Amino acid sequence: MEQYAVRGGVHLVGEVEIGGAKNAALGILAGALMADEIVEIENVPDLSDTNIMIDALKSLGAYVEKVDRHTVRINGSTVTSSVLDNDGIKKIRGSYYFAGALLGKYHEAEVALPGGCNIGSRPVDQHIKGFRALGADVEIEHGCLVCSAKKLEGSHIYLDVVSVGATINVMLASVLADGQTYIENAAKEPHVVDVANFLNSMGASIKGAGTDVIRIKGVSKLHGAHYSIIPDQIEAGTFMLAAAITKGDVLIKNVIPKHLESITSKLKEIGCDVNEEDDTIRVMASRPFRHTQVKTLPYPGFPTDMQPQIVVALGLAEGTSIVTESIFENRFRYVDELTRLGANIRVEGNTAIIEGVSKYTGANIVAPDLRAGAALVVAGLAAEGVTVVDDIFYVERGYEDFVEKLRNLGADIEKIESPRDLQKFRLHAV
Ligand code: EPZ
């Protein structure tokens, strides 16, 4: 079983390049099958989640060519099936985007209900509500979302909750529908905007992405395109926090600083120096952190996907901090693991009350999900001694070359496969 072994105590220093946005890539890869011409997508992060999407495209019959590690060409003209029900696809959340894309193009789709990180109940009722409003019949049968429509017609859809997944899925299903669709109370995340821009580059007519109301004027078909995915907001944010938590000095390259504003402002509030340039952000930390309050909110609020990372930082701040999770009800499962490193945190409902401690100390811990896993690795980097992190496949779902990027910044971290590897790691000293 693969694990990360981390020896803490190094201040991360240097430069790191951020890859393409995972959660945009998932929508874009599914959307690419909607054209019957070549769609070339650049800056696709090389992750287990994106590779599962690529395998799914192949299993549907789409032409898929990997041009290089981050560029993929897809042609949907060869698609022969609208059914996706395999073990890989069940493991990831983004698989539900195939329902929107297949329904939109072929008026039928049968896609296994999505898995993904266990961070709370993750219903798909808003996706279903949107598909039905467009005129589709949607049922859940044998663990699959089964959708069909004689034709799809534009509609007004008010989302009862702000949902990234439902917003993207309804966009996918409606770009080829007859007439206009309005998605109200839409999610405004950068990856929602990126999927809209991608579909527009294929000839769709989507306006208002990034605001509360998205207007989609149906077009008769989509054409080939060449598109480059935006940088990953959460990967960038994770490295910002890693720089801060290890009291380092890191220049994070290939980012869109505007997407990181809520994180930048919290880091400044707790006492870090953050400098933004056009497409870089530099985080420097040397002083003890001040305590603060954080509440996760849909974009442009503080992202739920950065909640564990900020908690790790506040666990080392002076005084009492309060973090409220308002998106997913089960996203503090990692707190028990952080406690093993010495954190003093009490969780009451959706709130974590954090009494800052002066240091973490290394221990054996388990990654409970993707972002919490990354946050625990970063906690290990700041801890005294060796931390061993289990279940690292979660982390690898969302961070390309995580270990290599951290090592380039000076971190003492290795991926290990056996007790012998761990023994070797414990014996060597930097
Ligand atoms: C996306 O999940 C991301 N995943 C998540 O990233 C991210 O945490 C989340 O958005 C919030 O930003 C992907 O893009 C694949 P939602 P998604 O629909 O789309 C409720 C990561 O670590 N809801 O915006 O599943 C839901 O329960 C992952 O990269 C409904 O009630 O999230 C939640 O409380 C983890 N009914 C809220 O809306 C629905 O039909 C927001 O969920 C859909 C959602």
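The values are calculated or read from the model by the stated rules, or taken from the named source; none is laboratory data. Small disclaimer: the values here were computed from a predicted structure and weren't measured. Positions of Cβ are backbone-derived with ideal geometry, glycine not excepted, and every protein chain shown enters the neighbour counts. SASA here: full protein model, heavy atoms, side chains in, ligands and nucleic acids out. Shrake-Rupley method; radii C 1.70, N 1.55, O 1.52, S 1.80 Å.
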Under the classification rounded if a/c is under 1.5, otherwise prolate if a/b is larger than b/c and oblate if not, where does the range 22-228 fall, given a ≥ b ≥ c as square roots of the Cα gyration tensor eigenvalues? rounded
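Suppose R0 equals 30 Å; then what is the FRET efficiency for His428 and Arg73 from their Cβ-Cβ distance, rounded to the nearest 0.05? Before the final figure, lay out the partial values.
Working: r = 43 Å, r/R0 = 1.45.
The computed FRET efficiency comes out at 0.10.
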With a cut-off of at most 16 other beta carbons within 10 Å, and DSSP calling the residue loop, which chymotrypsin sites (Phe, Trp or Tyr not before Pro) in the range 211-299 qualify? Please list them. none
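Please state the shape class of the range 39-90: rounded when a/c is under 1.5, otherwise prolate if a/b exceeds b/c and oblate if not, all from the C-alpha gyration tensor.
Values: a/c = 3.05, a/b = 1.24, b/c = 2.46.
Verdict is oblate for the range 39-90.
Show me the ranking of peptides 54-61, 374-381 by mean Cβ neighbours inside 10 Å, starting with the highest. Walk me through the numbers before you get to the answer.
Details: 54-61: 18.1, 374-381: 28.8.
By packing density, highest mean first, the sequence is 374-381, 54-61.
Over the chain, calculate the relative contact order: mean separation of alpha carbon pairs under 8 Å at least 6 apart, over the residue count, as a percent. Before the final figure, lay out the partial values.
Numbers: 1087 pairs, mean separation 86.8, N = 430.
20 percent.
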Taking Cα centroids, how far is the range 246-274 from the range 1-53 in Å? 21
Model label zone, Thr80; criterion: amide N under 15 Å from point 7 Å along Cα-to-beta-carbon; scope the range 48-72: 57-64
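Helix-only mean residue ellipticity at 222 nm, the chain, DSSP H runs n ≥ 4 weighted -39,500 (n - 2.57), per residue, nearest 500. What is it?
-9500 deg cm²/dmol
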Report ³J(HN,Hα) in whole Hz for each residue of the range 134-142, in order, from the Karplus equation J = 6.51 cos²θ - 1.76 cosθ + 1.60 where θ = phi - 60°; Gly and Pro get x. 7, x, 8, 8, 10, 9, 9, 9, 6
Taking alpha-carbon centroids only, the range 111-170 lies from the range 388-430 a number of Å equal to 38
How about the range 135-200: which chymotrypsin sites (Phe, Trp or Tyr not before Pro) there are in a DSSP loop, with at most 12 other Cβ atoms within 10 Å of their Cβ? none
Please calculate how many Å² of accessible area the chain carries per residue, with a 1.4 Å probe and no DNA, RNA or ligand atoms counted. 38
Can you compute the charge dipole magnitude of the range 22-228 about its Cα centre, using +1 on each Lys and Arg Cβ and -1 on each Asp and Glu Cβ, nothing else charged? Give it in debye, rounded to the nearest 20. 240
Using a 10 angstrom cutoff on alpha carbons, build the Gaussian network for the chain and name the most mobile of His70, His142, His127. His142
Label model pair Glu108, Ile256: point-to-point distance (7 angstrom along the Cα→beta-carbon line) in nm is 3.8
Placed amide H near Ala21: partners under 5 Å, 5+ positions off or other chain: Ile230, Asp232
Can you run phi through the Karplus equation (6.51, -1.76, 1.60; θ = phi - 60°) for the range 85-101 and list ³J(HN,Hα) in whole Hz, with x for Gly and Pro? 8, 10, 4, x, 5, 5, 7, 10, 6, x, 4, 5, 5, 5, 5, x, 5
Give the residue list of GluC sites (Glu not before Pro) in the range 253-356 that are DSSP loop and have at most 16 other beta-carbon atoms within 10 angstrom. Glu277, Glu329
For Lys268, list the aspartates and glutamates whose Cα falls under 18 Å from its own Cα; do not include residues on the same chain fewer than 8 positions away. Asp249, Glu276, Glu277, Glu318
